[in-house]
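The structure under discussion appears below in the form of structure tokens.
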Amino acid sequence: MGFPEQRFTVNLSILFTELPLLERPAAARAAGFTAVELWWPWPDSPTPARSELDSLRAAIKDAGVRLTGLNFYAGQLPGPDRGALSVPGAESERFRANIEVAAGLAESLGCGALNALYGNRIEGVDPAEQDALALENLVPAARAAHRIGAILLVEALNGPESPRYPLVSAPAAVEIVDRVNLATGLDNARFLMDLYHLSMNGEDLPAVIDRFAARTGHVQIADNPGRGAPGTGTLPLADHLDRLGKAGYEGWVGLEYKPGDRPGAEAFDWLPREARPAP
């Protein structure tokens, strides 16, 4: 067992960022991968021009890679924001405006997972008010995902790097998943298990895997400390992925790590080239 048994997808919002966005899908394919994922590529616009959407769609198709995951609009990411859907006012309105745009792009590329980042706590706003707004916005997001045959992902981040983000544990994120599924009756909301974030929170990863593997719709990895490639830190990532497999997880594993000072193409020496194409 180990890394060669996994289905990997490359996050093009954190890897190959030395290249323009439209060149990254082909760069991932040249590195031997056949699947990619993305944060929302236009942090300033939840509703970019059709020409921009068409150009990205063409770049992905022309590269011969599959889009496996896409974030809804999440504000300035990377940057100070951690989502928009629980932020009152203009940001939550921007999230709602993005729902059908993101779902349409995902549907056109056969993408089966849409990630909805919850958003930071806002000073002076009652957390209960933000939580009610979050559910109000997650319900149509889940319905849009269901309409295109996709799942809705809810992600836990880590407290040290995202101190105002309220979902900083696996149970906290899964609680939101349960609320969404109860509200919609669709049962298409799932937990996004990012092993780096959970390790930064000090969670017992084997216990999290055993408890929540069946509720997990997507997994992302990076080593800790440093959020680098596997092998640059101390996490036994291959063992954790094996444990996930034994617990029944058969989905994608997103490579969401920093390449360091190297170009993205040089950040995969931990993975044999023959193990990079998705089986």
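Put simply, region 155-197 fits an ellipsoid with semi-axes of 22, 10, 6 Å; these come from the alpha carbon gyration tensor as the roots of five times its eigenvalues, largest first. Per residue, the Cα convex hull of region 9-86 amounts to 87 Å³. For region 120-205, the Cα-based Rg and Dmax, in that order, read 13.4, 38 Å. By DSSP, the beta bridges lying fully in the chain are antiparallel in about 5 percent of cases. Annotation for region 194-236 versus region 112-154: alpha-carbon center distance of 23 Å.
Heavy atoms of the protein chains alone define the surface here; on that basis the chain has 40 Å² accessible area per residue at 1.4 Å probe size. Value of Rg to Rh for region 131-176, rounded to two decimals, is 1.04; Kirkwood radius and Rg both from alpha-carbon coordinates.
Take each peptide in 233-242, 179-188, 102-111, count the other Cβ atoms within 10 Å of every residue, and average; sorted highest first, the result is 102-111, 233-242, 179-188.
Scaling against 2.2 N^0.38 Å puts the C-alpha radius of gyration of region 157-269 at 1.10.
Gyration tensor over the Cα atoms of region 53-196: the corresponding equivalent ellipsoid has semi-axes (square roots of 5 times the eigenvalues, largest first) of 24, 17, 15 Å. For the chain, the share of accessible area belonging to carbon and sulfur comes to 51 percent (1.4 Å probe, ligands and nucleic acids excluded).
Its alpha carbons give region 33-125 an Rg and a Dmax of 13.7, 48 Å.
Calculated on C-alpha atoms, the gyration radius of the chain divided by its Kirkwood radius gives an Rg/Rh of 0.94. With a sphere of radius 14 Å drawn around the Cβ of Glu23, what net charge do the other residues whose Cβ falls strictly inside it have (Lys, Arg +1; Asp, Glu -1)? Computed value for this residue: 0.
The values are calculated or read from the model by the stated rules, or taken from the named source; none is laboratory data. Just so we're clear, the structure is a prediction, and the values are computed from it rather than from any experiment. Because the Cβ atoms are built from the backbone with ideal geometry, glycine has one as well, and the counts that use them run over all protein chains shown. We work out accessible area using only protein heavy atoms, side chains counted, and drop any ligands, DNA or RNA first. Shrake-Rupley method; radii C 1.70, N 1.55, O 1.52, S 1.80 Å.
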